[in-house]
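My questions will all concern the structure given below.
The values are calculated or read from the model by the stated rules, or taken from the named source; none is laboratory data. All values reported here derive from a predicted model rather than from experimental measurement. Heads up, the Cβs are rebuilt from the backbone with ideal geometry, glycines too, and the neighbour counts pull from every protein chain shown. Ligands, DNA and RNA are stripped out before the accessible areas are found, and what is left, the full protein with its side chains, is counted by its heavy atoms. Shrake-Rupley method; radii C 1.70, N 1.55, O 1.52, S 1.80 Å.
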Amino acid sequence: DTGVSQNPRHKITKRGQNVTFRCDPISEHNRLYWYRQTLGQGPEFLTYFQNEAQLEKSRLLSDRFSAERPKGSFSTLEIQRTEQGDSAMYLCASGMDNEQFFGPGTRLTVL
Amino acid sequence: AQSVTQLDSQVPVFEEAPVELRCNYSSSVSVYLFWYVQYPNQGLQLLLKYLSGSTLVESINGFEAEFNKSQTSFHLRKPSVHISDTAEYFCAVRISGGSYIPTFGRGTSLIVHP
């Protein structure tokens, strides 16, 4: 399968714990995006990489959130000291030109 | 900044009936427009896009959308739906030549009844 993959698919954690999600993009894509999606809403942009450089971050991305793409390939999104409001689906997408290809998402539940 | 409005949160329709999912956008500059589909427990898939040229764009599975600049709309249509078209549909807009980050609408749930 050569699509975008995300791990884990589901994560349940207790409030205050740290969590890390991984995204493996399509190999030839230089752009990588992270979004958050809650029930009944469209994806909300969090951050964007071109190769290893993080070019944009949304104001939604609090200091507890950090993302990396160390070698311009896979990316990780870490949430520190999780809160119940962080419960959502976290989507990763990769792309070139004018298309984005989405992964299946990681569903986070914070108890 | 650009924005997208999907007026209908849910559209129920019977199989083989036509359907239109509405999308209006707001932007002061030229835009690219997209429709994505999300089937249950899956990621978003690009359905079709308008970048330039012909204002009528089509997908491989029978959907079409027409870019109407004067009405700032990009409505999605299908003349005859199937049960398998049941999904969430998202309209998205991006400034042409600018940031590569699209703004998504809230989505419309298309529910096809037998």
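For q = 0.15 Å⁻¹, what log10 I(q)/I(0) does region B:1-100 give under the Debye formula with an equal point scatterer on each alpha carbon and no solvent?
At q = 0.15 Å⁻¹ the computed log10 ratios are -0.59.
When the accessible area of chain B is split by element with a 1.4 Å probe, what percent falls to carbon and sulfur?
Carbon and sulfur atoms account for 49 percent of the accessible area of chain B.
Using only Cα positions of the protein assembly as shown, each an equal point scatterer, no hydration layer, compute I(q)/I(0) via Debye at q = 0.11, 0.17 Å⁻¹ and quote the log10 values to two decimals.
-0.56, -1.23
May I ask you to list the trypsin sites (Lys or Arg not before Pro) in region A:51-111 that are in a DSSP loop and have at most 13 other Cβ atoms within 10 Å of their Cβ?
Counting only loop positions with at most 13 other Cβ atoms within 10 Å, the trypsin sites (Lys or Arg not before Pro) in region A:51-111 are A:59, A:64, A:71, A:81.
With solvent modelled as a 1.4 Å probe, how much accessible area in total do chains B and A shield from it at their shared surface, in Å² to the nearest 100?
About 1600 Å² of accessible surface is lost on pairing.
Per residue, how much accessible surface does region B:46-104 expose to a 1.4 Å probe? Answer in Å², no decimals.
Values: 2720 Å² over 59 residues.
Counting only protein heavy atoms, the per-residue value for region B:46-104 is 46 Å².
If you don't mind, another one. Which value in Å is the Kirkwood Rh of region B:48-107 over different Cα pairs?
On the way: mean 1/r = 0.0771 Å⁻¹.
In region B:48-107 this quantity evaluates to 13.0 Å.
Highest GNM mean-square fluctuation, chain A, Cα pairs closer than 10 Å: which of A:28, A:83, A:52?
Maximum fluctuation in the GNM of chain A, among the listed residues, is at A:28.
D for region A:1-45, whole µm²/s, Stokes-Einstein with Kirkwood Rh over alpha-carbon pairs at 10 °C and 1.306 mPa s: what number?
D, rounded to a whole number, is 124 µm²/s.
Across 5 Å bins from the origin, how do the percents of Cα pairs in chain A run, short distances first?
Final binned percentages: 2, 13, 25, 26, 19, 10, 4, 1.
Then there is this: On the protein heavy atoms, probe 1.4 angstrom, tell me the percent of accessible surface of chain A carried by carbon and sulfur.
The computed percentage sits at 44.
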